[in-house]
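The values are calculated or read from the model by the stated rules, or taken from the named source; none is laboratory data. The structure displayed is predicted, hence computed values, not measured ones. With ideal geometry, Cβ positions are generated from the backbone for all residues, glycine too; neighbour counts draw on all protein chains shown.
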Amino acid sequence: MSAAWIAALVCAAAGLAAPQAGAQSLSDPTRPPAAGAGPDGEEAPAGKQLQSVLFSRGRKLAVIDGTVVPLGGTYGEAQVVKISETEVVLKQGDDTETLKLFPGVDKQASRRANARRHSPALGPNPQGGTK
């Protein structure tokens, strides 16, 4: 076999192996982070973590640290007194604790929504008057 053929086979083998090596270093973006680690690989803060909120007819549930707790139920020594779309309020004695589903996100109205709400051309006046 000539040296040109050997070089061509080596290049072809290297070209086939390269995509596999690159794919091994990529992580699945839909896979949940490892327990105790945040999305950037840092340790998650200690304490209770609200993971999910579930609503159905006549029933509200919260998932706190993997435990499903109904409205009015208890998590540890605390009672779940409120469940909303983005947070859960726990009460223990005189102390209350609010767990947020997205603790790093503050909900704010957008400028566009505010402009639409106050524009006379887009609907009734929010103060109760007419256009």
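Residue-by-condition table, conditions (1) at pLDDT below 90; (2) exposed (fewer than 12 other Cβ atoms within 10 Å of the Cβ); (3) part of a loop (DSSP other than H, G, I, E, B); (4) not β-branched (V, I, T):
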position: A23; (1), (2), (3), (4): yes, yes, no, yes
position: P29; (1), (2), (3), (4): yes, yes, yes, yes
position: A34; (1), (2), (3), (4): yes, yes, yes, yes
position: G47; (1), (2), (3), (4): yes, yes, yes, yes
position: L54; (1), (2), (3), (4): no, no, no, yes
position: K82; (1), (2), (3), (4): no, no, no, yes
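A search for C-beta distances below 8 Å between a residue of segment 53-66 that is touching a residue at least 40 places away in the same chain (Cβ under 8 Å) and any residue that is acidic (D, E), counting only pairs 6+ apart in sequence or on different chains, returns V53/E85.
To keep it simple, each residue is scored yes or no on (1) modelled with pLDDT of 90 or more; (2) over 22 Å from L61 (Cβ atoms); (3) in a loop (DSSP other than H, G, I, E, B).
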| position | (1), (2), (3) |
| --- | --- |
| V88 | yes, no, no |
| K91 | yes, no, no |
| F102 | no, no, yes |
| A109 | no, yes, yes |
| A115 | no, yes, no |
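Please determine whether any residue of segment 57-67 is buried (at least 16 other Cβ atoms within 10 Å of the Cβ), under 14 Å from the mean Cα position of the chain (by Cα) and assigned to a loop (DSSP other than H, G, I, E, B). No, because not a single residue in segment 57-67 is buried (at least 16 other Cβ atoms within 10 Å of the Cβ), under 14 Å from the mean Cα position of the chain (by Cα) and assigned to a loop (DSSP other than H, G, I, E, B).
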